[in-house]
Amino acid sequence: MLDFVLNGLMHRYQERVPDVAAIIKAMIHENIIQRAEDIENDHIAFRTIGVPQLGIQSFEKIFLHYGYTKRDAYHFKEKKLDAFWYAPPEPHYPRIFLSELRVKDLSKQAQAIITSYTSEVITDPANQLDLNSGVIVDNFLHSALWRTPTIQDYQTLAAESEYAAWVIYNRYYLNHFTISLQNLPEGYNTVADFNAFLEKKGFVLNNAGGKIKTSPDGLLLQSSTVARMIPATFANNETIQIAGSYVEFAERKVLPQFAHLPASSITREQRREGFEAGNADKIFESTYSSQTTQKG
């Protein structure tokens, strides 16, 4: 069932994010991998809106049901976000990073716009789902919870919180998946090397805080592409270009106490686990105009 839901998410995500197929094709052409299934997915991420009947408390019910375990909390003061990560039931499944907009920290105008949409959801929709049906959950994750926003509402929100604008239009669409780098062949198994490969192939990278985001302990390194602009149809059938989703890359180094072990014997549990607020803070900006206006 979890496999069915994850496959559904990835299928639609790849349809909406051209960089996914392009990066996989480039990796195969370079003999980094033989097929897409060779990629280890470090984590997937979702964005939510923090109102009583939605947000993290609602969305997490799906993956807790499938055996995920809620772990550390993260807070992003300037972006007005909270987040948790969730450990998978088995090591071959991706971690989940789930963030939530603190709606009450926004202006009265932004709050009014957001709640004019989210108030259409009367009760927690996760409580109405048959979580034992992969088909039902898959459909839910790709269905509209509220009416299509107007361009004016989208742009008003974006001026205050680009995260808020992204979610009010995209809802629960997968925000990104993450290619795990440390087990790739030498020459591609670090963020620095993989970034160089990507840029050689013409991909534009998020440079907020530097192209490589590094945790204070130096054991978690991350980078990401910049979300491509995609045509989006709003209320009244009006269309503009907005930021879509993106691809992230993560390198988890071996914990110091296991550094003496041969590389071939290192397991996932012996590498840096969890996330880093400072890294994530800059990765969020992969959908922000400060990044999407970069010239490739």
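The values are calculated or read from the model by the stated rules, or taken from the named source; none is laboratory data. Nothing here was measured: the structure is a model prediction, and the numbers come from that model. Neighbour counts are summed over all protein chains in view; Cβ atoms, including those assigned to glycine, are modelled from backbone coordinates with ideal geometry. These area figures cover heavy atoms from the full protein model, side chains too; ligands, DNA and RNA do not enter into them. Shrake-Rupley method; radii C 1.70, N 1.55, O 1.52, S 1.80 Å.
Some points to look at:
- When the P(r) of the chain is calculated, the portion above 27 Å amounts to 41% of the C-alpha pairs.
- Cα→Cβ-extended label distance, 7 Å offset, between LYS200 and TRP146, nm: 4.6 nm
- Dividing the helix sum by the residues of the chain, where each DSSP H run of 4 or more adds -39500 (n - 2.57), gives a mean residue ellipticity at 222 nm of -9500 deg cm²/dmol.
- The stretch 65-150: C-alpha gyration tensor shape, a/c 1.5 cut-off, then a/b vs b/c: oblate
- Placing R0 at 25 angstrom, the Cβ-Cβ distance between GLN294 and ILE240 gives a FRET efficiency of 0.85 after rounding to 0.05.
- Taking all protein chains together and a 1.4 Å probe, the residues GLU37, GLU60 rank GLU37, GLU60 from largest to smallest accessible area.
- Applying a DSSP loop filter and a limit of 12 other Cβ atoms within 10 Å to the GluC sites (Glu not before Pro) in the stretch 123-194 leaves GLU186.
- For the set LYS61/LYS282; LYS70/LYS253; LYS211/LYS282, the pairs lying more than 21 angstrom apart at their alpha carbons are LYS61/LYS282; LYS70/LYS253.
- Cα shape, the stretch 241-296, gyration tensor, a/c 1.5 rule: prolate
- Estimated from the Cβ-Cβ distance and a Förster radius of 22 angstrom, the FRET efficiency linking GLU15 and SER133 is about 0.45.
- Note on exposure: ARG268, ARG252 ranked by accessible area (1.4 Å probe, complete protein assembly) read ARG268, ARG252, with the most exposed listed first.
- Residue-span extension gain [ALA73 to ALA87] - 0.36 nm each, minus C-alpha spacing: 3.8 nm
- Note on LYS108: lysines with a C-alpha under 17 Å away, same-chain residues under 8 apart excluded, are LYS79, LYS80.
- Where the alpha-carbon atoms of the stretch 77-119 are placed on the principal axes, they occupy 44, 24, 9 Å, in descending order.
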